[in-house]
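Each remark here refers to the structure printed beneath this line.
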Amino acid sequence: MRTPLFLLLLILTQGMGLRAQESPGEALPVLEHTLENGLRLFVLPRSGAPTVSFVVQYRIGSVNETPGVTGIAHFLEHLFFKGTTTVGTTSFEAEAPLLRELDAVHDSILAERGRHAPDSLRMERLAARANDLAATASSYVISNEFDAILSENGARNLNATTSSETTSYFVELPSNRAELWFILEADRMRNPVFREFYTERDVVAEERRLRLETNPSGLLYEAHLREAFRVHPYGAPVVGTMEDLQGLARRDVEDYFRRFYGPNNAVVAVVGNLDPARIREWAEKYLAPIPPGQVPPNVEVKEPEQTRERRVEVVFDAEPSLRIGWKTPPATHDDAPALAMLASILTGGRSSRVYRRLVLEDRIATSVTSGTGPGSLYPGLFSIEAFPRSPHTHLEVEAAIYEELDRLKETPPREIELQRVRNQLEASDVRRLSSNFGLAVQIANSETLYGSWEKTFSFTGAMEDVTAEDIQRVVRKYFRAGQRTVAVLVRETTEKGRGR
């Protein structure tokens, strides 16, 4: 993930539901067109500044990986910016045989490393040969040429992100440079070259160290998901495990790309000051000739039913923190709007129940948040994360959270609490229409995950229709001790299990 620019859209993009009134977003004049190769194009013309936002999203993410190749979708996202047979190189004809030989040397390194008694001298020679080949190959590379071409033509917000279920690439360009996007995107869909592979693999490994292995929140998050999902791929980190990353070969990534990054697995959303006829013309000209790929297989593995509380402790030299997660249904379930509403009631602002109790009144925590994840398509977790305020312990914070949930089980929330959230939703309905870039992300994400670009907007209305009884019902249904997984982070010098 080059930078998690959007984190793809709040909890409002998660879920589907029915409700009485239409959201303003559902009335947007979005034009839909499907190319012969299966690519779905969504175009929304808007007046205003002469700019156009582009999002291409593939329905492929970490849930589509298998043990041994975790992190491949995220790594591919990095490599997709390395250029093509014509972009990023002075001579691909000279570069290509060097890349093949470099791969062969790295295969030999992995084979030697896997021996019971590796030959250290042979390892040194192979490493030296790999360095020589990489240096020679790099002499033909024009680093970051793809980025440079777009930047020189006025691009903004050039970025990408990988999640559990999708991989997205986005950029904003001046309207008179819109055709350039189709030219460049078609080229890298058809002719990508995953050059600088081993250098970039080291970059991704360092990203993992920074985001997970040396980051207390990342460590706790990874441990929490691993404990909650022992079978389902939601338990594997999007960035992959370090062991899997170090074993990935270029052919693994190339094969993954050829199979799953076909246009039939892609959604393109284009929003801004544009001529819809020209957008469709360029899509047909540049994207339609690209042959389709395979459809990623459905994730059939299911997490076994959890009937007992699970707990995991992470020891790290940082302030204590706590994550509690309860198993909940996917975002397509009818209960998803009520669960999203519950998150706002619990921690959505200073006047929300758990925030007010823990942070403002009892002052036993410095912050608390909640939400569902890590994805949308499969049963996940409703998680509450909190940071105890010294000298209070995670046990005190945990007990207070359970008390607030028990209160909801006994007494439904007041109408004034629901109305506060509804007012926030109405305001967000207006704000979310203000950004062409944000709209393009929402349209692509909703269509990719739910098969309908309107669902991300209709979900707001479904939340507004949630009643106090709905909140009470989902708390009683899902927030049971046997369905929860608790992860705590404690200092190395603290007494085990005490969090002090």
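Nearest-5 percent of antiparallel DSSP beta bridges in the chain?
About 80 percent, rounded to the nearest 5.
If you average the sequence gap of Cα pairs under 8 Å that are 6 or more apart and divide by the length of segment 403-500, what percent do you get for the contact order?
Computed over segment 403-500, the figure is 34 percent.
Just to compare against my own numbers: the Cα pair-distance distribution for segment 42-114, 5 Å bins, whole % per bin, please.
Bin by bin from 0 Å, the calculated values are 3, 10, 11, 14, 16, 16, 13, 6, 4, 4, 2, 1, 0.
Could you give each residue of segment 254-268 its phi-based ³J(HN,Hα) in whole Hz, using Karplus coefficients 6.51, -1.76, 1.60 with θ = phi - 60°, and x for Gly or Pro?
In residue order, the calculated couplings are 4, 5, 4, 5, 4, 6, 10, 9, x, x, 5, 10, 10, 10, 10 Hz.
To one decimal place, what Kirkwood hydrodynamic radius in Å is obtained for segment 343-451 from all pairs of distinct Cα atoms?
16.0
With a probe of 1.4 Å, find how much accessible area the chain has per residue, and write the answer as a whole number in Å².
Per-residue value: 43 Å².
Rounded to the nearest percent, how much of the accessible area of segment 313-366 (1.4 Å probe, protein heavy atoms only) is carbon and sulfur?
46
Answer with a single label: of (1) 18; (2) 8; (3) 15, which was calculated as percent of Cα pairs over 45 Å apart from the structure in view?
This structure yields the entry labelled (1).
Convert each backbone phi in segment 444-453 into a coupling constant with the Karplus relation 6.51 cos²θ - 1.76 cosθ + 1.60 (shift: θ = phi - 60°), then list the ³J(HN,Hα) values in order as whole Hz, x for Gly and Pro.
The phi angles translate into 5, 5, 5, 5, 5, 7, 10, x, 7, 5 Hz.
Once phi is turned into ³J(HN,Hα) by the Karplus curve 6.51 cos²θ - 1.76 cosθ + 1.60 with θ = phi - 60°, what whole-Hz value does each residue of segment 229-245 show in order, with x for glycine and proline?
10, 8, 10, 5, x, 4, x, 8, x, 4, 6, x, 7, 5, 4, 5, 4
For Arg46, enumerate residues with amide H under 5 Å from its amide H, sequence gap 5+ or separate chain, H modeled in the peptide plane.
Sorted by chain and number, the residues that satisfy this are Gly272, Asn273, Leu274.
Which entries of Lys327/Lys409; Lys285/Lys455; Lys327/Lys455; Lys82/Lys455 show an alpha-carbon separation above 26 angstrom in the structure shown?
Distance filter (> 26 Å) returns Lys285/Lys455; Lys82/Lys455.
Before rounding to the nearest 500, sum -39500 (n - 2.57) across all DSSP H runs of length at least 4 in the chain and divide by the residue total; then give [θ] at 222 nm in deg cm²/dmol.
Calculated mean residue ellipticity at 222 nm is -12500 deg cm²/dmol.
Can you give me the relative contact order of the chain as a percent, contacts being Cα pairs under 8 Å and 6 or more apart?
27
The values are calculated or read from the model by the stated rules, or taken from the named source; none is laboratory data. Quick caveat, the model's predicted, so the values are computed rather than measured. Side chains included, ligands, DNA and RNA excluded: accessible areas come from the protein's heavy atoms. Shrake-Rupley method; radii C 1.70, N 1.55, O 1.52, S 1.80 Å.
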